[in-house]
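Written below as structure tokens is the structure these notes are about.
The values are calculated or read from the model by the stated rules, or taken from the named source; none is laboratory data. Computed from a prediction, not measured in an experiment: that's the story for all the values here. Every residue, glycine as well, gets a Cβ built from its backbone with ideal geometry; the counts of neighbours run over all protein chains shown. For accessibility, only protein heavy atoms count, side chains too; no ligands or nucleic acids. Shrake-Rupley method; radii C 1.70, N 1.55, O 1.52, S 1.80 Å.
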Amino acid sequence: VQLQASGGGLVQAGGSLRLSCAASGRTFSGTTWFRQAPGKEREFVAAVRWNNHSTYYADSVKGRFTIRRENAKNAVYLQMNSLKPEDTAVYYCAASPTALITSAVRDPQHYRFWGQGTQVTVSS
């Protein structure tokens, strides 16, 4: 079982990046993006359920980020627009084999499978 995250990089404030998370080895109930900035705890960013494509967003990214699943490629994408310096962090994708209740989707402790992380740096 593997989650492969990619797409990070350096971008100026106001720019865009698209992160990808490719899953292999099994199916999951949903995929979630978290991020962790230096000296801070890992925080929820966005999530998508595989069965009905329901999405969830942190308030800090709502309206700027879009998460979507592409079934044919077994991948989840995070389109990040209007990036801000405070979006700078290592972004991780995580997946759960079982369906999580809505309140648990945002908690990293409920995820068994994690990608390796990809660095996103937004310069001012």
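Going through the range 45-64 one residue at a time, which ones are assigned to a strand (DSSP E or B) and over 14 Å from Glu86 (Cα atoms)?
Those that are assigned to a strand (DSSP E or B) and over 14 Å from Glu86 (Cα atoms): Ala46, Ala47, Val48, Arg49, Thr55, Tyr56, Tyr57.
Within the range 113-123, restricting attention to residues that are more than 19 Å from Ala75 (Cβ to Cβ) and not hydroxyl-bearing (Ser, Thr, Tyr), which residue is most open to solvent (accessible area, probe 1.4 Å)?
Gln119
Identify, please: which residue in the range 97-112 is among the aliphatic types (A, V, I, L, M) and touching a residue at least 12 places away in the same chain (Cβ under 8 Å) and is, among those, least open to solvent (accessible area, probe 1.4 Å)?
The selected residue is Val105.
If I ask for residues that are over 14 Å from the mean Cα position of the chain (by Cα) and modelled with pLDDT under 95, which ones from the range 71-90 would you list?
Asn71, Ala72, Lys73, Asn74
Mind checking whether some residue in the range 59-82 is open to solvent by 40 Å² or more (accessible area, probe 1.4 Å), more than 18 Å from Val1 (Cβ to Cβ), charged (D, E, K, R) and in contact (Cβ under 8 Å) with a residue 24 or more places away in the chain?
No: zero hits.
May I ask you to list the residues in the range 27-37 that are assigned to a strand (DSSP E or B) and crowded, with 16+ Cβ neighbours inside 10 Å?
Within the range 27-37, Gly30, Thr31, Thr32, Trp33, Phe34, Arg35 meet the criteria.
Yes/no matrix, rows are residues, columns are (1) out of contact with any His (no Cβ under 8 Å at 6 or more places or on another chain); (2) within 14 Å of Trp114 (Cα to Cα); (3) open to solvent by 50 Å² or more (accessible area, probe 1.4 Å):
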site	(1), (2), (3)
Gln2	yes, yes, yes
Gly8	yes, no, no
Gly15	yes, no, no
Cys21	yes, yes, no
Gly25	yes, yes, yes
Gly39	yes, no, yes
Val45	yes, no, no
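I'd like the full set of residues that are under 23 Å from Gly9 (Cβ atoms), outside any loop (DSSP other than H, G, I, E, B) and among the β-branched types (Val, Ile, Thr), limited to the range 65-114.
Scanning the range 65-114 gives Thr66, Ile67, Val76, Val90.
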